[in-house]
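I have placed the structure first, in the form of structure tokens, so that the comments after it can refer back to it.
The values are calculated or read from the model by the stated rules, or taken from the named source; none is laboratory data. In this text, all values refer to a predicted model and were calculated from it rather than measured experimentally. With ideal geometry, Cβ positions are generated from the backbone for all residues, glycine too; neighbour counts draw on all protein chains shown. The area values use the complete protein model at the heavy-atom level, side chains included, leaving out ligands, DNA and RNA. Shrake-Rupley method; radii C 1.70, N 1.55, O 1.52, S 1.80 Å.
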Amino acid sequence: SEKLFRALQMPRPWLLGCSPGAVALLRAHGFDVLDDYVDTAYDSITRQTERFQALLDQLETFINREYTRRDYERFEVAAATNKQRLDCCAENWPKKFSAVKKAITDA
């Protein structure tokens, strides 16, 4: 969704409150999920209440955290990497969509 795409391009750590495995999927597709700043262990929790508690616990670690210039530079690198990945996905989307449509009509 546009909310996820926006978060991926923002130069700051983020948490993803959606289906388990979503962060792993983003990582597998080459997105920078800032593993060095965010404990993404919540991504593998399948029980909803436990998952949201883990998200809240992780969010608490962001409170009163002081970042250095080096941290902000790292966030900029992650945002640039993710923007490049999104641009690549957008560029390849029409071809992939056509292939899916063809596979459906040929089935």
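Observations
- Separation of alpha-carbon centers, the stretch 54-76 and the stretch 77-91, rounded to whole Å: 21
- Charge context of residue 50, other residues only, Cβ under 15 angstrom, K/R +1, D/E -1: -1
- Portion, in percent, of the accessible area of the chain that falls on carbon or sulfur, probe 1.4 Å: 57
- Using a cutoff of 8 angstrom between alpha carbon atoms and counting only pairs six or more residues apart, the relative contact order for the chain works out to 36 percent.
- Fully extending the segment from residue 62 to residue 98, taken as 0.36 nm per residue of separation minus the present Cα-Cα distance, adds 8.7 nm.
- For the stretch 34-77, GluC sites (Glu not before Pro) are listed when DSSP marks them as loop and at most 15 other Cβ atoms sit within 10 Å of their Cβ; the list is 66.
- Of [x] 55, 35, 20; [y] 69, 33, 22; [z] 49, 28, 26, the label for Cα extents along the principal axes in Å derived from the coordinates: [x]
- When 74, 27, 6 are compared by accessible area at a 1.4 angstrom probe, the order from most to least is 6, 27, 74.
- Mean ellipticity per residue at 222 nm, deg cm²/dmol - from DSSP H runs of n ≥ 4 across the chain, formula -39500 (n - 2.57): -20500 deg cm²/dmol
- Cross-link partners for residue 83 among the aspartates and glutamates, with Cα-Cα distance under 20 Å and sequence neighbours closer than 8 places in the same chain left out: 2, 32, 35, 36, 71, 73, 91.
- Accessible area per residue for the chain, computed on protein heavy atoms with a 1.4 Å probe, is 72 Å².
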